[in-house]
Amino acid sequence: MVAEKVVVEELVLEKSRVAVSVRGDGSYSVARASRERIWHDRLEKGAVIGIGEHTPGDVEGESWWVVCGQSDVGADVTVRLEDGSHVPVRRIGDIFVSEWVSLPQQALLYRSDWPVESQPANLSVLFACPRFMPKAPFPENDRL
């Protein structure tokens with residue numbers, strides 16, 4: 001019996017070393033490149049995931065930030081930061097991925113596969129510290 005080879009596409013982000021992997025059946029993994037992959041079922045349509053190096057306000061300087069999600073393959077996806085800069089968006093199958101390094105700031109997601117009235121989506125809520133947590137040691141860096 002010959003085992004069928006599973007095709008895996010992988011994108012490793014430069015700054016964060018986060019690896020986004022997708023198998024042929026649509027299952028995916030998002031984890032630091034140095035960690036073992038944990039596979040999840042296909043991302044739900046329109047789902048968005050945010051990962052931050054640190055919780056806003058926990059460190060004095062900049063941190064890396066990653067956002068990834070599912071979109072229609074041909075959809076235009078844009079990430080714009082509060083400072084006006086646009087962050088490059090890369091794709092692996094129907095998953096988009098964006099990464100940047102900055103102080104915590106508002107980030108907005110625009111995508112052509114969502115209705116105009118739901119644009120932009122505020123990504124900052126993915127990174128914000130829950131309100132029940134104690135005050136951050138660097139509150140000036142907790143503007144989310």
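Using a probe of 1.4 angstrom, how much of the accessible area of the range 53-114 is carbon and sulfur, in percent?
The C+S portion of the solvent-accessible surface of the range 53-114 is 47 percent.
Which cross-chain or sequence-distant (5 or more) residues have an amide H under 5 Å from the amide H of Gly69, H modelled 1.01 Å from N in plane?
Amide H neighbours of Gly69: Ile49, Phe96.
Which whole-Hz couplings ³J(HN,Hα) result when phi for each residue of the range 11-23 is put into the Karplus expression 6.51 cos²θ - 1.76 cosθ + 1.60, θ = phi - 60°, listed in order with x for Gly and Pro?
Working through the residues one at a time gives 10, 9, 7, 5, 7, 8, 6, 7, 9, 10, 10, 9, 9 Hz.
Skip the ligands, DNA and RNA, and give the accessible area per residue of the range 46-87 with a 1.4 Å probe, whole Å².
43 Å²
Hey, got the Cα dimensions of the range 73-122 along the principal axes, in Å, largest first?
Taking the Cα atoms of the range 73-122, the three principal extents are 30, 27, 12 Å.
Take the Cβ-Cβ distance between Glu10 and Glu60 as r, set R0 to 30 Å, and report the resulting FRET efficiency rounded to the nearest 0.05.
On the way: r = 33 Å, r/R0 = 1.10.
Approximately 0.35, to the nearest 0.05.
The values are calculated or read from the model by the stated rules, or taken from the named source; none is laboratory data. Note that the structure is predicted; figures quoted are calculated from it, not measured. Glycine also receives a Cβ, built like all others from the backbone with ideal geometry; neighbour counts cover every protein chain displayed. Each accessible area value is taken on the protein alone, full model and side chains, heavy atoms only, with ligands, DNA and RNA left out. Shrake-Rupley method; radii C 1.70, N 1.55, O 1.52, S 1.80 Å.
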